[in-house]
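For reference, the structure is listed below as C-alpha cells.
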Amino acid sequence: MPKGGGSTVWKAAMITVGFWVLVGSLWMQVGYMGGTLERIATQSMNIHVDFDSFWRSAEAMLEGHNIYDTGVSLVNLNPPIWTVLISPLGLLSALTAYRVFVLISLVVTVAYLAWTVEELRLRPGWAVVGVVMLLLSSPLLATLALGQVYPVLALGLVAAWVADRRDRMDVSGAALGLVVAFKPSLLPVLLWPLVRRRWRALIATLVAGAVATLVGVIILGLGATLDYIGVLREHSASAYWDNASLPSAAARLFTENPYAQNVATLPWMVPVGYAIGIFAIAFTAVRVRHGPEVGLWVLVAASLLASPIAWNNYLVLLGPGVLLLLARGYAASAFLLLALQSIPAQWPLLWNDKGTVAATLAMTLYLYILIAHWLALLAATREPGSAFRPTAEKPG
C-alpha cells in the first residue's frame with residue numbers, strides 16, 4: 001500500500017471502504033454496545049470464561065493442586081509461568097480478581113498506546129483518532145470481557161520494539177523472550193532479531209525465555225510443564241468462527257464441523273493451511289531485513305496467521321503497529337484497519353443460522369481482517385529503517 005502520488009486512487013478506495021465499514025459497525029454497535037458493556041460488567045464468571053480458567057489455575061497453584069485440571073470446560077492454554085505471575089489474584093474471590101485484572105489491563109493498554117504515540121511523536125489529531133478507536137475496538141472490548149492476556153503481551157512487544165529503536169539490545173531481547181515465554185505461539189517473532197543479525201538481542205531473547213520457563217518449572221514442578229504440553233497437543237486448529245488463523249479457516253471451510261456449512265469435505269486442507277501460514281512467516285522474515293522497524297509487527301501478524309488458534313481478539317497485539325502506519329504516512333491503510341477492528345464481535349450472529357456456504361464465508365471475516373493487517377504492515381517494510389527512527393529534539 002504505497003505512499004506515492006500514483007496510489008491516490010488506491011488510497012481513496014481504502015478510505016471509502018473504511019468509511020462504510022465504520023458506518024456499518026457503528027450501526028451494529030447501536031444494537032450491541034449495551035450487550036458488550038454488559039459482558040464486562042456482569043457478575044457471571046461464565047462470561048469471563050478465560051479469566052475464570054486463569055483464576056482457577058492460580059487458586060489450584062496456591063492449594064498445591066494440578067493447575068491444568070481445575071474442572072472448567074475451557075482449559076487454561078497458557079504456560080505455567082503465567083499462572084505464577086497472576087497467582088496473587090488467587091487469594092481474592094473470582095469476581096474481585098477479575099475486576100482487578102480488568103483495571104490492570106486498562107492501565108496497561110493506555111500505557112503502551114501512550115508510549116507508542118510518544119515514541120513515534122504522532123500528530124495530536126491522529127493520536128486521538130488512533131488511540132480512541134483502538135480503546136473502543138471490538139478486539140479490546142472482547143478481551144476485557146473475557147479477561148484475556150493480550151494487553152500484557154502487547155506491552156512486552158512495545159517494550160521490545162522501543163528498546164530496539166534505541167539500540168538497547170539486551171532490554172529488547174529480554175522483553176521479547178518474556179512475551180514468547182508467556183505465549184509460545186508467537187515463537188516466530190524470534191526471527192526479528194535473527195534475520196537482522198542482532199545477536200545480543202537474540203541471545204537475550206533466548207535467555208529470558210528460558211529463565212521464565214525455568215521459573216515456572218521450579219515453582220510448579222516439571223509435571224505442570226508436561227501437563228501444559230499435553231493440553232496443547234489436545235487442541236488442534238479450532239473451526240470456531242472467531243478463530244482467524246489460516247489452519248482454522250481450512251478446518252471451517254473444508255472439514256465437517258458444527259460451526260459452518262462446508263465448501264467441501266477435504267481434511268487434508270488443514271495441513272495446507274499450516275503450510276501457507278509457514279510460507280507467510282518465511283516470506284515475512286525476508287521482508288523484515290528491508291523494513292526492520294515495522295518488522296516486529298508484521299511478524300506478529302504472520303505468526304497469528306500460521307497459529308492453530310488466533311482469536312480475533314489477538315488484533316490487540318497489532319494496535320501499536322497500526323499507530324506506526326499512521327505516523328509514517330500510511331493513513332489510508334491504517335484508517336481501514338481501525339475501521340475493520342470496530343466491527344462488533346456479534347457479526348457472526350447475522351450469519352450463523354443461515355447454514356449456507358455464503359454465510360460460512362461471511363463468518364470467516366476475521367481471517368480476512370487479519371490478512372489485511374498482515375498485508376498493510378508488509379507493505380510498510382518498503383520503507384528504509386532510517387525512516388522509522390526517532391529524530392533528535394531541537395535544543396530548547
If Leu146 passes every condition in (1) surrounded by fewer than 24 Cβ atoms within 10 Å (Cβ to Cβ); (2) modelled with pLDDT of 95 or more but one, which one does it miss? (2)
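Which of the residues spanning segment 135-160 are farther than 19 Å from Leu370 by Cα and free of Cβ contacts under 8 Å to residues at least 60 places away in the same chain?
Val152, Leu155, Gly156, Ala159, listed by residue number.
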(1) aliphatic (A, V, I, L, M); (2) farther than 21 Å from Met363 by Cβ; (3) touching a helix residue (DSSP H, G or I) at 6+ places or on another chain (Cβ under 6 Å) all hold for Ile276 apart from (2)
Run Lys354 past the list (1) among the charged types (D, E, K, R); (2) assigned to a loop (DSSP other than H, G, I, E, B); (3) buried (at least 20 other Cβ atoms within 10 Å of the Cβ) and report the number of the one that doesn't hold. (3)
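Yes/no per residue for (1) assigned to a helix (DSSP H, G or I); (2) small (Gly, Ala, Ser); (3) modelled with pLDDT of 85 or more; (4) over 19 Å from the mean Cα position of the chain (by Cα):
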residue	(1), (2), (3), (4)
Gln261	no, no, no, yes
Thr265	no, no, no, yes
Ala275	yes, yes, yes, yes
Ala280	yes, yes, yes, no
Phe283	yes, no, yes, yes
Arg287	yes, no, yes, yes
His290	no, no, no, yes
Val298	yes, no, yes, no
Residue, farthest from the chain's Cα centre (by Cα), within segment 81-114, restricted to residues that are more than 15 Å from Leu153 (Cβ to Cβ) and of a type outside the set (A, V, I, L, M): Ser93
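Among the helices (runs of 4 or more DSSP H) confined wholly to segment 143-236, which include 3 or more residues that are of a type in the set (D, E, K, R)?
So the answer is 222-234.
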Determine, yes or no, whether Val117 is in contact with a helix residue (DSSP H, G or I) (Cβ under 9 Å, 6 or more places away or on another chain), closer than 18 Å to Ala163 by Cα and either assigned to a helix (DSSP H, G or I) or touching a residue at least 24 places away in the same chain (Cβ under 8 Å) (or both). yes
Gly90: passes all of (1) at pLDDT below 95; (2) closer than 23 Å to Asn312 by Cβ but (2)
Residue among Pro193, Pro184 that is within 22 Å of the chain's Cα centre (by Cα) and surrounded by fewer than 23 Cβ atoms within 10 Å (Cβ to Cβ): Pro184
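The values are calculated or read from the model by the stated rules, or taken from the named source; none is laboratory data. Remember, it's a predicted structure, so these values are computed and weren't measured experimentally. Cβ sites come from the backbone with ideal geometry, for glycine too, and all protein chains shown count toward neighbours.
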